[in-house]
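Here's the structure we're looking at; comments come further down.
The values are calculated or read from the model by the stated rules, or taken from the named source; none is laboratory data. This structure is a prediction, so every number in the text was calculated from the model and none was measured. Note that each Cβ is placed from the backbone with ideal geometry, even for glycine, and that neighbours are counted across all protein chains shown. Each accessible area value is taken on the protein alone, full model and side chains, heavy atoms only, with ligands, DNA and RNA left out. Shrake-Rupley method; radii C 1.70, N 1.55, O 1.52, S 1.80 Å.
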Amino acid sequence: MPMLFLVQINLNSVAMIRSTCENALQVIRKAEQEFSLDPEHIIEKSYHMTTVLRNLLCTVKKNVLEKGFSDENEEINFFKSIKPQILGKLIFYNKVFRIEAACPVVTGKMHHKYFSNELNLLKQEYKEHFYNTDFYRYYRTGRTEWDHHFFCRGKIDLHEGVNSFVFEIDTQFSTYYDYKVARIIANELLYGYLVSKIEPDIQQTAIFSDGNTANRDFFWTDSKNALIELIYALHASGSISHGKAGIRKISMVFQLLFRIQLGDVHHAYHRMKDRTDSKSIFLDQLKLSLKQHMEKEV
């Protein structure tokens, strides 16, 4: 078989994998826009999202196992950024479904106590499995020097004391640490969701109401990174609550306001710090746009 033909096959395979991964993330965004978690239909919609994400993960897995990766960088990107986003949201929506399906009442003190208990359980999980661990600090601070160890297949170090479920994973479709990133993403989303259920100052019902035409027409149209950049700028400048509001709470309010899920905002922020050009691309563009708009009106 001619060498050129072999190269062409490989390039086609790589393009197909990239296309599949990009399409997968687009499918998630579209499904979330169509099935926002409004309180009235939350059980039905969280179940639907669980089904969508489960099927999506199976499709991506099939393509990865059949086509492979072109190089180590592509493999690292998939297991560090692509798969955890799909699996993390799958874990999140499945958890929301289970929590809501078991909720004894819809309002009142028992309702508040139920969700407060779920929040405490989440905090306990964080303390037991993530707090003060080397990998958690590595991922949260946006480091990359050990990516080849954490996000390439076949490099699990049993001397690190990994969780026992590692022996049951498909080593052709997991590095073990991609699952840990997915849990971090899922817990971040779940934290925001649970807080919105027990915080009296956040009117989730009004924001997510499908019957509110104004809210359906009010949504974020720029990238998620742009919104995260804005959130961090507002936090750093002390423009919200005199700087006393944390990143999690600010990001949760914006997610509810714009009916968007930002995922792991901390990791996205640390990636911004590694930008080679401007580290505040969106804010620079905002300043330029405002200046041009003012000059038009003169």
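Descending by average beta-carbon neighbour count within 10 Å, the peptides 256-264, 105-113 line up as 256-264, 105-113, the highest first.
Label-to-label distance for SER241 and ASN77 is 3.7 nm, based on points extended 7 Å past Cα in the beta-carbon direction. Convex hull volume of the C-alpha atoms in segment 217-288, normalised per residue: 96 Å³.
Annotation for GLU199 and ASP277: the two label points, set 7 Å from Cα along the Cα-Cβ direction, are 3.4 nm apart. Modelled label positions at LYS155 and GLN124, each set 7 Å beyond Cα in the direction of Cβ, lie 3.6 nm from each other. Using the Cβ-Cβ distance between PHE135 and LYS61 with R0 = 30 Å, the FRET efficiency computed as 1/(1 + (r/R0)^6) comes to roughly 0.80. Here LYS287 and TYR191 are evaluated by their C-beta separation; at R0 = 35 Å the FRET efficiency comes out at 0.60. Round to the nearest 0.05 the FRET efficiency obtained for PHE219 and THR171 when R0 = 51 Å and r is the Cβ-Cβ distance. About 0.80, to the nearest 0.05.
Ordering of 86-98, 270-282 by packing is 86-98, 270-282, highest average first (other Cβ atoms within 10 Å, averaged per residue).
Leaving ligands and nucleic acids out of the surface, order VAL64, VAL52 by accessible area at 1.4 Å, largest first.
The ordering from most to least exposed comes out as VAL52, VAL64.
Among the listed pairs LYS62/LYS249; LYS45/LYS287; LYS45/LYS155; LYS109/LYS244; LYS244/LYS279; LYS89/LYS249, those with a Cα-Cα distance over 30 Å are LYS62/LYS249; LYS45/LYS287; LYS45/LYS155.
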